[in-house]
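Working notes, structure below.
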Amino acid sequence: MELIFSNNKEIPYGGIFLAGPTKRNSKYSKSWRKEAVDILKELGYDGIVYIPEYEDTVEFDDSDEGVDEQTEWEWEALGKSRVIVFWVPRNMTDMMGFTTNTEFGKYTTLRPDRIVLGYPDGTPKMRYMKKMYNDTCNKDAKTTLKDTLAESLEVYEYINDRFRFEKMQRVHIW
């Protein structure tokens, strides 16, 4: 598995983006994304994972320039992803997910076939996202991180199959 952190300047195409709220000054080793990577490994995924956090050895730059760089990295990685997993373990004290809400609205509209939504039971302020996901993507949100990631791998395989088919069609045009 290739982990692409937001301090990596080179962003390859075709991975799974782990979108969702991040605690300020978070460390990857203590983040929900570390658990997500462990689950993806357990499920047999060995591809690219975009992690919108810095590696533990790098301090987050909270200056305007640092936040702009982080934002631009996220936009590029979201654009290069095959699947965007929105895991929203929101709490209203230190992981409110305001950016997550914006990204979810944008990418659910632009790429509804590539979105997977999950959040723990009892997560506050999820009714709107749940309805948008149900109505736009025609899917139900998951309530465990493992179920959310398992569904993301199904979507990933579907998207990969579609890419292979489209590539074959371009090669075999009469």
From T123, T136, T143, T99, residue being modelled with pLDDT under 95 and out of contact with any strand residue (DSSP E or B) (no Cβ under 6 Å at 6 or more places or on another chain): T99
When the range 5-19 is checked residue by residue, the ones that are closer than 24 Å to D147 by Cα and surrounded by fewer than 20 Cβ atoms within 10 Å (Cβ to Cβ) are F5, G14
Assigned to a loop (DSSP other than H, G, I, E, B), of a type outside the set (V, I, T) and closer than 17 Å to L117 by Cα, is that true of P12? no
Condition check for L78: open to solvent by less than 20 Å² (accessible area, probe 1.4 Å) and farther than 19 Å from E157 by Cβ: yes
Please indicate, with yes or no, whether at least one residue in the range 71-79 is among the hydrophobic types (A, V, I, L, M, F, W, C), farther than 23 Å from K139 by Cα, within 12 Å of the chain's Cα centre (by Cα) and assigned to a strand (DSSP E or B). no
Could you tell me which numbered condition T22 fails, if it satisfies all but one of (1) exposed (fewer than 14 other Cβ atoms within 10 Å of the Cβ); (2) closer than 24 Å to R111 by Cα; (3) of a type in the set (S, T, N, Q)? (1)
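Taking the range 100-119, which residues are surrounded by fewer than 16 Cβ atoms within 10 Å (Cβ to Cβ) and either within 20 Å of K23 (Cβ to Cβ) or in contact (Cβ under 8 Å) with a residue 24 or more places away in the chain (or both)?
T102, G105, T109, P112, D113
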Long-range neighbours under 8 Å by Cβ, at least six apart or interchain, first residue surrounded by 15 or more Cβ atoms within 10 Å (Cβ to Cβ) within the range 125-136, second among the β-branched types (V, I, T): M126/V88; M129/V88; M132/T108; Y133/T108; Y133/I115
Of D61, D56, D46, the only residue that is assigned to a loop (DSSP other than H, G, I, E, B), in contact with a Ser or Thr (Cβ under 7 Å, 6 or more places away or on another chain) and open to solvent by 10 Å² or more (accessible area, probe 1.4 Å) is D56
Please find, among I39, I84, I48, the residue that is of a type in the set (A, V, I, L, M), under 25 Å from E154 (Cβ atoms) and under 11 Å from the mean Cα position of the chain (by Cα). I84
Mind listing whichever residues of the range 137-162 are of a type in the set (D, E) and open to solvent by 30 Å² or more (accessible area, probe 1.4 Å)? D140, D147, E154, E157, D161
Does K34 meet the test of being modelled with pLDDT of 90 or more, under 18 Å from the mean Cα position of the chain (by Cα) and open to solvent by 90 Å² or more (accessible area, probe 1.4 Å)? no
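The values are calculated or read from the model by the stated rules, or taken from the named source; none is laboratory data. Everything quoted here is computed from the prediction, not taken from an experiment. All Cβ positions, glycine included, derive from the backbone under ideal geometry; neighbour counts span all protein chains shown. Areas reflect the complete protein model, heavy atoms only, side chains present, ligands, DNA and RNA absent. Shrake-Rupley method; radii C 1.70, N 1.55, O 1.52, S 1.80 Å.
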